[in-house]
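For reference, the structure discussed in these notes is given below.
The values are calculated or read from the model by the stated rules, or taken from the named source; none is laboratory data. Because the structure is predicted, anything quoted here is derived from the model rather than measured. Don't worry about glycine lacking a Cβ; one is built from the backbone with ideal geometry, like all the others, and counts go over all protein chains shown.
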Amino acid sequence: MQKEAKEKIKNLIAKYEAEKIAEKISRYSEEETKRGFIEPLFEILGWDFSSKEEITLEEQISGDRVDYGFYLNGRIKFYLEAKLLKADLYREDYAKQAIRYSWNKGVTWAVLTDFEGLIVFNALSPEKSLAGKKYLSFTYEEYLTRFDELWRLSKEAFAGDILDKEAEKVGKKLQKVSVTETLSKDLNECREILTEAFLQWNEKVDPHLIDEGVQKLLNRLIFIRCAEDREIEPHTLMPLIHEWKASGKAGQVSPYQAMVKKFRELDAIYNSNLFDEHPFEKWEEFSGATERVIDILYGKKNYFEYDFSIIPADVLGNVYENYLGHQLKKSKQKESPGKNLKKRKEQGIYYTPKFIVDYIVKNALGPVLDKCKSINDLQKIKILDPACGSGSFLVAAMNFLIKKYEEFGVKPDGFLKIQILQNNIYG
């Protein structure tokens, strides 16, 4: 197989060099580069671009995108960002785009290529520099001379975890800083900052109520960050801080009440108990805690900013589980992991990983939907999760229903999705 692959790569290189001699390269668009060279290269490496389960075309979300996701047995292996021929792959914004997307998705490997060159980054490396995150780089002339290294990107190699194993040999995958770990630490820090500030400025308030208020406040801030990055709401929190600083009153007043005012506006829009009035809205905070927490939720402490539009449900779910089990009763007081685990057991607080949710929904709902012969049959289906918690099972069921609609030739728009939620989903 590898011998045949080398011969095909040799022919692909010859095609590229012929185009180069004919001075056609400069006229190639990014799409032509992908179809003419990048996709053929990875097809030679064993990947099937006709399979939607193996190769996904990634959508542009919140200004960030990559071109392809490569999957094996339903699990993402790496993301690839393609550029047009003759692109400068060492431009910082190109590399950051590829790495940031993978990091927010919790995926180790990010590939950046224009075919003429190819770079493999470890997106989860704790190294701060792009050079430190780089694992492999090739020019097209090296695809044959370093074929064994290039083959680490093949489907066959990923089936045997060859890239991971080879990276570990040279210390390029021994350590990693995942978005789950980073976000969890950052949210715990946010909780401590707010708890300490509220205790300092609101001495007469019951610490238990402060603990509850901090939790509700952070829930709202995470919701707003998700809405911002999904472009459901305009950017709100950071502009609020900028306006506060520009007012010339930064040393006299806090941006906290301006943020509370925004909550009242969102309550009128979403009509959800998430924004129900709570005593914490009348508390005082003049210690800079609001600014610090908002900075953290934008990822200002980290090499990459958070993009909540692409952070997987698994990541938020794992963070949420720890989040609920970790409660501060007073400033700087921390519970042991054992106590957190006990509390989660007592309260039934657990988050089911996405791949388990998908498996259960597919096997529970699949046979029922397979019996549906028309859209009318689908509309009669009722799905109930009486203990829905975060709603992950119902969201998966909703997505499963939408796919079934598409099989009948109907691509649900926003209105139809609302109808499905109202008529088919209960919890």
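In the set Asp385, Asp370, Asp358, Asp413, only one residue is exposed (fewer than 13 other Cβ atoms within 10 Å of the Cβ) and within 28 Å of the chain's Cα centre (by Cα); that residue is Asp413. Of the residues Ile383, Ile311, Ile402, only one is β-branched (Val, Ile, Thr), touching a Lys or Arg at 6+ places or on another chain (Cβ under 9 Å) and modelled with pLDDT of 90 or more; which? Checking each option against the conditions leaves just Ile402.
This table checks each residue for (1) of a type in the set (Lys, Arg); (2) in a helix (DSSP H, G or I); (3) touching a residue at least 60 places away in the same chain (Cβ under 8 Å).
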site: Thr56; (1), (2), (3): no, no, no
site: Lys86; (1), (2), (3): yes, no, yes
site: Gln97; (1), (2), (3): no, yes, no
site: Tyr101; (1), (2), (3): no, yes, yes
site: Ile119; (1), (2), (3): no, no, no
site: Leu136; (1), (2), (3): no, no, no
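Do we find a residue being modelled with pLDDT of 90 or more and within 17 Å of Gly69 (Cα to Cα) anywhere in the stretch 130-142? No, there is no match, as no residue in the stretch 130-142 is modelled with pLDDT of 90 or more and within 17 Å of Gly69 (Cα to Cα). Candidates are the residues of the stretch 82-100 that are over 29 Å from Lys15 (Cα atoms) and touching a helix residue (DSSP H, G or I) at 6+ places or on another chain (Cβ under 9 Å); the one that is surrounded by the most Cβ atoms within 10 Å (Cβ to Cβ) is Ile99. Scanning the stretch 388-408 for residues that are over 23 Å from the mean Cα position of the chain (by Cα) and in a loop (DSSP other than H, G, I, E, B) gives a single hit, Phe408. Restricting the first member to the stretch 389-417 and to residues that are in contact (Cβ under 8 Å) with a residue 60 or more places away in the chain, and the second to residues that are of a type in the set (D, E, K, R) and surrounded by 16 or more Cβ atoms within 10 Å (Cβ to Cβ), the beta-carbon pairs closer than 8 Å and six or more apart or on different chains are Ser392/Lys354. Can you spot a residue in the stretch 337-351 that is basic (Lys, Arg), under 26 Å from the mean Cα position of the chain (by Cα) and modelled with pLDDT under 85? Scanning the stretch 337-351, I find at least one residue that is basic (Lys, Arg), under 26 Å from the mean Cα position of the chain (by Cα) and modelled with pLDDT under 85, so the answer is yes.
Of the residues making up the stretch 361-384, those that are within 21 Å of Leu416 (Cα to Cα) and either assigned to a loop (DSSP other than H, G, I, E, B) or in contact (Cβ under 8 Å) with a residue 60 or more places away in the chain (or both) number 6. Does Lys34 fit the bill of being surrounded by 15 or more Cβ atoms within 10 Å (Cβ to Cβ), part of a helix (DSSP H, G or I) and either in contact (Cβ under 8 Å) with a residue 40 or more places away in the chain or of a type in the set (Phe, Trp, Tyr) (or both)? Spelling it out, Lys34 is indeed surrounded by 15 or more Cβ atoms within 10 Å (Cβ to Cβ), part of a helix (DSSP H, G or I) and either in contact (Cβ under 8 Å) with a residue 40 or more places away in the chain or of a type in the set (Phe, Trp, Tyr) (or both). When Lys20, Lys52, Lys6, Lys10 are checked against the criterion of being surrounded by fewer than 18 Cβ atoms within 10 Å (Cβ to Cβ) and in a loop (DSSP other than H, G, I, E, B), a single residue qualifies: Lys52.
Would you confirm whether any residue within the stretch 73-81 is surrounded by 18 or more Cβ atoms within 10 Å (Cβ to Cβ), in contact (Cβ under 8 Å) with a residue 40 or more places away in the chain and more than 26 Å from Lys15 (Cα to Cα)? Yes: the stretch 73-81 contains one or more residues that are surrounded by 18 or more Cβ atoms within 10 Å (Cβ to Cβ), in contact (Cβ under 8 Å) with a residue 40 or more places away in the chain and more than 26 Å from Lys15 (Cα to Cα). Which residues, counting only those in the stretch 229-276, are more than 19 Å from Gly288 (Cα to Cα) and at pLDDT below 90? Result: Asp229, Arg230, Glu231, Ile232, Glu233, Pro234, His235, Tyr270, Asn271, Ser272, Asn273.
Taken together, Ser178, Ser154 contain a single residue that is closer than 20 Å to Lys134 by Cα, touching a Leu at 6+ places or on another chain (Cβ under 6 Å) and either at pLDDT 80 or above or loosely packed, with under 14 Cβ neighbours inside 10 Å (or both), which is Ser154. Out of (1) surrounded by fewer than 15 Cβ atoms within 10 Å (Cβ to Cβ); (2) in a helix (DSSP H, G or I); (3) acidic (Asp, Glu), what's the single condition that is false for Glu281? Evaluating Glu281 over (1) surrounded by fewer than 15 Cβ atoms within 10 Å (Cβ to Cβ); (2) in a helix (DSSP H, G or I); (3) acidic (Asp, Glu) leaves (1) as the failure.
Among all positions in the stretch 22-41, there is no residue which is outside the structural domain of Cys226 (by TED's automatic domain parsing), of a type in the set (Lys, Arg), modelled with pLDDT of 90 or more and within 22 Å of Ile162 (Cβ to Cβ).
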